[in-house]
Amino acid sequence: MGRSSWVAVSVLATISILVTLTAQAYPPGVGILAKNRSCVSCHPNNGPWADEAHTIIDILDATTKQSLEGADGVFVIEVSRGQTRTVQTVIGRSREDTVKPPQRNAWLYIDTTQLATSSLSKFAPGWEVNLPMSCRVVGDEVSAFEGAHLTSLPMTILPTGAARDAELELQALLTAGESVKNKAAEGLISNYFVRKVRLKVIDP
């Protein structure tokens, strides 16, 4: 598939995902339905999964399955300009956790400098992306985290000619229950986490 075709497909896929998730009320309220700064602008941070010890939030290279987390806790995704790279977002709780696991997890990659813009995409400018957000039922299997209670999906990104190094937030919400329509703080049990992600362009 040529670059122009890939970009067209990725844009259509992103629009479809955004429309679907918008109907479900979260996570698109962050900068999309409203200018909210984070998930906790609407949803509670009241769940039993607040401890970091049993929380899994990782970004893996989709091919090697190696974590992209640096020693400072920041994830670094390096991509050659004009080429694609696929990473795997992994969110959940470890198998050693004694608390009942969340039912579904939501996550969103967002460039906070874009919150005030009118663009539907809040990903870093100049970067094409096919899945910057999701809300997924727990139950995925990831070999690096055998037995854990996880959600996981791949995300493919492409730095165009306009792309520059950028910093994102990976905002994650571990949840159980259901939000009450028009009352997002009711009915949902959730815990909120944030991780920093750096995008780096590699030029030939």
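The values are calculated or read from the model by the stated rules, or taken from the named source; none is laboratory data. What you are looking at is a predicted structure, and each value in this text was computed from that prediction instead of being measured. Using ideal geometry, Cβ is built from the backbone for each residue, glycine included, and neighbour counts are taken over all protein chains shown.
List pairs: first residue in segment 143-161 and closer than 11 Å to residue 94 by Cα and touching a residue at least 40 places away in the same chain (Cβ under 8 Å), second residue part of a loop (DSSP other than H, G, I, E, B) and of a type in the set (A, V, I, L, M) anywhere in the structure, Cβ distance under 9 angstrom, at least six positions apart or on different chains.
From residues that are closer than 11 Å to residue 94 by Cα and touching a residue at least 40 places away in the same chain (Cβ under 8 Å), the pairs are 148/142; 149/138; 150/138; 150/142.
Being surrounded by fewer than 20 Cβ atoms within 10 Å (Cβ to Cβ), of a type in the set (D, E, K, R) and either modelled with pLDDT of 95 or more or within 30 Å of residue 204 (Cβ to Cβ) (or both) is true for just one of 37, 3, 93. Which residue is that?
The conditions single out 3.
Which count do you get for residues in segment 127-170 that are assigned to a strand (DSSP E or B), among the polar types (S, T, N, Q) and at pLDDT 95 or above?
Within segment 127-170, residues that are assigned to a strand (DSSP E or B), among the polar types (S, T, N, Q) and at pLDDT 95 or above number 3.
Just need a number here: residues in segment 101-127 that are touching a residue at least 24 places away in the same chain (Cβ under 8 Å) and out of contact with any strand residue (DSSP E or B) (no Cβ under 8 Å at 6 or more places or on another chain).
Number of matching residues: 2.
For segment 54-97, name all the residues that are of a type in the set (A, V, I, L, M, F, W, C), outside any strand (DSSP E or B) and touching a residue at least 12 places away in the same chain (Cβ under 8 Å).
62, 68, 74
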